[in-house]
Amino acid sequence: MENPALEVHSRYSRFLPYLAVLSTDLRQTFRNWVYRLWIVATILVAIGFLLYRFGLHQEAGMVRPASVHSSELFRGIALGSLALIVVLTVSAVASERGTLADSVLSRGISRYQYFMAKLHSRAIVIVLTFAVMSSFMLVAFHFLLGEDLSLAGVTWAVLTISCLLIAVVSVGVAMGAITNSSVVGIAVLWIAMYGLGILMSLLPQTFPSPEKVIARLPFVLRGEYELNSLGEWVLGSLFVAFVASTIGLIAFARRDV
Amino acid sequence: MTGSDTTLVVETERLTKIYGNSHIALNDVTLTIEPGCVLGLLGPNGAGKTTFLRLVLGLHRPTAGRVSVFGKPMTPNAALLRRRIGYIPTNPQFPRGMTPITYLDYIGRLFGLSRDVRKPRLAALVRAVDLLGHSSADVSQFSPGMVSRLAVAASLINEPDLLIWDEPTHGLDIEARRSMLELIKSLSHVKTLILSSHNLSDVDEVCNHAAVLSQGQLIFSGTLQELKGRIRKNHYEMDLEGDQKGVTKAVSQIKSVADVKQVTLRQRRLELVLNEQCNNSGVLSQIFNTLSDNRITLVGLRTVGQQTEQAYLDLVEKEEQRGFARIFQPAEAA
């Protein structure tokens, strides 16, 4: 029997496997029913809230600044969205475990590339969607309910919440890579996030919590913010995202699929 | 499997896999696969065949022992090594919303193949596996036969040196199975193959080596001929035609031939067992002469126990009967 050529092939592109998983996952996430439910629910809530407040503003003459309405809506949407974002992120890796992962991970892709592609894809989809939807909402609030929003404040608010979302996405994808079942991962993360949120809100005023960030949103949207404080939140969120994704990456690279 | 200076395609050393401290899937498997080998991986359900393949691919991490592929350790991140492997899982699954072309393009990109390389290759493969007429159909709607054909194409898109096919004929109709076996035969001239299969006739037809797993343990590894000859050597069956008295007389004469261990006559079928170390052609020549002298016509002659299936079943049965003795001779592999 002839000895087949055993030389390492040199016609490969290093980042192509990463880009393949990234682009495929982006497409699949946009088609995902959880993602579509999130979009539809958010738009319906925003439109309903806006019309209700606009009605009160026009008919009853109840004038409240747009920054207050926006922060109320943000708060509601953020708390509600978290539940669906957790589902969307935990399932990124966990739902593909088994034969479907076989078809991908048995090819020329490393676990690192696969995990990072999944993480980046979900982060891009969620942050972009949030940024686009919140921009539309803020513009609508600005013109319909009073013009007290500042561009710099809005930018910082969207940036801060986006960074919080990146942290949530990272924790979610890492959880999906660590746990064997997406249902378990989702349940654990729901309990951990909402539980932690409640616990942090009970801490003294000097301790930071997501609740306090949202409570400060009306001021931030009006442009009344401390850059250092917001910067700390942005950096803190990115740090959590980094730690979570590193743990997820290492755990995923060492486990069976 | 045999000593050689060539780089081994796969080498496992004391490979053990225990899932969650509750299930021993593979136990102390030491196996080498040389270039050009077509290895049939045999074993009953739950023997550890798929676990072995997944360990070779780096999809699972060994609990103990090691796996080397092309001389380098296989790990979950050994993407460069996997670029030289083509794999078909038992039940291939494809992402939704893809056509054969987009799926093969995706797999090509997963292997890091540039557009100039993968596009012509995927076009050739779609044509070769006869999916040209379904090239715009959603792969999630494919029949089992079409799924298998697409999986074959996906496993070949990177022009691998090693093919690992887990039950490639599973769920195929007769024609598709025949076509698959012909493909394996063609590929066996240029590739190293590991085929896991329940179908022993498939293994018999296309493989030149076999490894038998039983309850996670390797109980045989060697050539297919060794497997066939291992259990019942010099065991023959003859179908005779002629006068019954002549047959009886011939049988009594054959019993006295040196090196004939056992003679059994069932109607017109004569079963012969010769001594394992004897020169079988010499003994058979004496037997033919005896039959001829008694005017007996030899209608058929075949070796008994030389079929892979029988050898395999005997091997597994023998292993199970050994009981506690397995502790002292854990690897009886050839």
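Evaluate the charge dipole of the protein assembly as shown about its Cα centre and quote only its size in Debye, nearest 20, assuming +1 on the Cβ of each Lys and Arg and -1 on the Cβ of each Asp and Glu. Let's see the in-between values first.
Numbers: 56 positive and 48 negative charges, 57 e Å.
Value, rounded to 20: 280 debye.
Efficiency by 1/(1 + (r/R0)^6): what FRET value for B:Asp173 and B:Arg302, r their Cβ-Cβ distance, R0 = 25 Å, to the nearest 0.05?
The formula returns an efficiency of 0.25 here.
Counting each DSSP H run of 4 or more residues in chain A as -39500 (n - 2.57), what helix-only mean residue ellipticity at 222 nm follows after dividing by all residues, to the nearest 500 deg cm²/dmol?
It lands at -26500 deg cm²/dmol.
What dipole magnitude, in Debye to the nearest 20, does chain A give about its Cα centre under +1 on Lys/Arg Cβ and -1 on Asp/Glu Cβ?
Dipole magnitude for chain A comes out near 400 debye.
Along the charge dipole of the stretch A:4-254, pointing to its positive end and built from +1/-1 on Cβ of Lys, Arg, Asp and Glu, which listed residue (A:Trp190, A:Leu145, A:His120) has its Cα farthest out?
A:His120
Would you mind getting me the FRET efficiency between B:Lys255 and A:Glu232? Use the beta-carbon distance for r and R0 = 60 Å, nearest 0.05.
0.05
As a footprinting exposure proxy, order B:Ser285, B:Ser22 by other Cβ within 10 Å, with the fewest listed first.
Fewest to most other Cβ atoms nearby, the residues stand as B:Ser22, B:Ser285.
Would you be so kind as to identify which of B:Leu8, B:Val129, B:Val117 lies farthest towards the positive end of the dipole of the stretch B:1-140, taking Lys and Arg as +1 and Asp and Glu as -1 on Cβ and the Cα centre as origin?
Result: B:Val117, furthest along the dipole toward the positive end.
In a GNM of chain A with a 10 Å cut-off on Cα contacts, which of A:Tyr225, A:Tyr112, A:Tyr52 has the highest mean-square fluctuation?
Largest GNM mean-square fluctuation: A:Tyr52.
Taking a label point 7 Å from the Cα of B:Arg127 along the Cα→Cβ vector, which residues of the stretch B:69-102 have an amide N closer than 16 Å to it?
Under cut-off, by backbone N: B:101.
Only counting other Cβ atoms within 10 Å, I'd like B:Asp161, B:Asp116, B:Asp105 sorted with the fewest neighbours first. Present the calculation step by step, with values, prior to reporting the outcome.
On the way: B:Asp161 22, B:Asp116 9, B:Asp105 19.
Ordered from fewest to most neighbouring Cβ atoms within 10 Å, B:Asp161, B:Asp116, B:Asp105 come out as B:Asp116, B:Asp105, B:Asp161.
Quote the charge dipole size of the stretch B:235-303 about the Cα centre in Debye, to the nearest 20; the model charges only the Cβ of Lys and Arg (+1) and of Asp and Glu (-1).
The calculated dipole for the stretch B:235-303 is roughly 200 debye.
So how far apart, in nm, are the two label points at A:Leu203 and A:Phe143 if each is 7 Å from Cα heading toward Cβ?
4.1
In the structure displayed, which of B:Lys185/B:Lys261; A:Lys118/B:Lys17; B:Lys119/B:Lys185; A:Lys118/B:Lys119 lie more than 30 Å apart, Cα to Cα? Please report the intermediate quantities before stating the final value.
Values: B:Lys185/B:Lys261 39 Å; A:Lys118/B:Lys17 28 Å; B:Lys119/B:Lys185 26 Å; A:Lys118/B:Lys119 25 Å.
From B:Lys185/B:Lys261; A:Lys118/B:Lys17; B:Lys119/B:Lys185; A:Lys118/B:Lys119, over 30 Å: B:Lys185/B:Lys261.
Calculate, in nm to one decimal, what B:His189 and B:Arg66 gain on full extension: separation in residues at 0.36 nm each, minus their alpha carbon distance. Don't jump to the answer; show the numbers that get you there.
Values: separation 123, 0.36 × 123 = 44.28 nm, distance 2.83 nm.
This chain segment gains 41.4 nm when fully extended.
Among all the lysines, which ones have a C-alpha under 23 Å from B:Lys255's C-alpha, if same-chain residues fewer than 8 places away are not counted?
Reachable lysines: B:Lys233, B:Lys245.
Can you tell me, using C-alpha contacts under 8 Å and at least 6 residues apart, the relative contact order of the stretch B:189-293 as a whole percent? Could the numbers behind the result be given before it?
Numbers: 101 pairs, mean separation 19.9, N = 105.
That works out to 19 percent.
Put +1 on the Cβ of every Lys and Arg and -1 on every Asp and Glu Cβ in chain A; which of A:Gly55, A:Ala215, A:Leu84 then has its Cα farthest towards the positive end of the dipole?
Looking along the dipole axis, the top candidate is A:Leu84.
Give me B:Cys207, A:Cys163, B:Cys278 sorted ascending by neighbouring Cβ count inside 10 Å, so fewest comes first.
B:Cys278, A:Cys163, B:Cys207
Bear in mind these aren't lab numbers, they're just calculated from the coordinates by the rules spelled out. Quick caveat, the model's predicted, so the values are computed rather than measured. Positions of Cβ are backbone-derived with ideal geometry, glycine not excepted, and every protein chain shown enters the neighbour counts.
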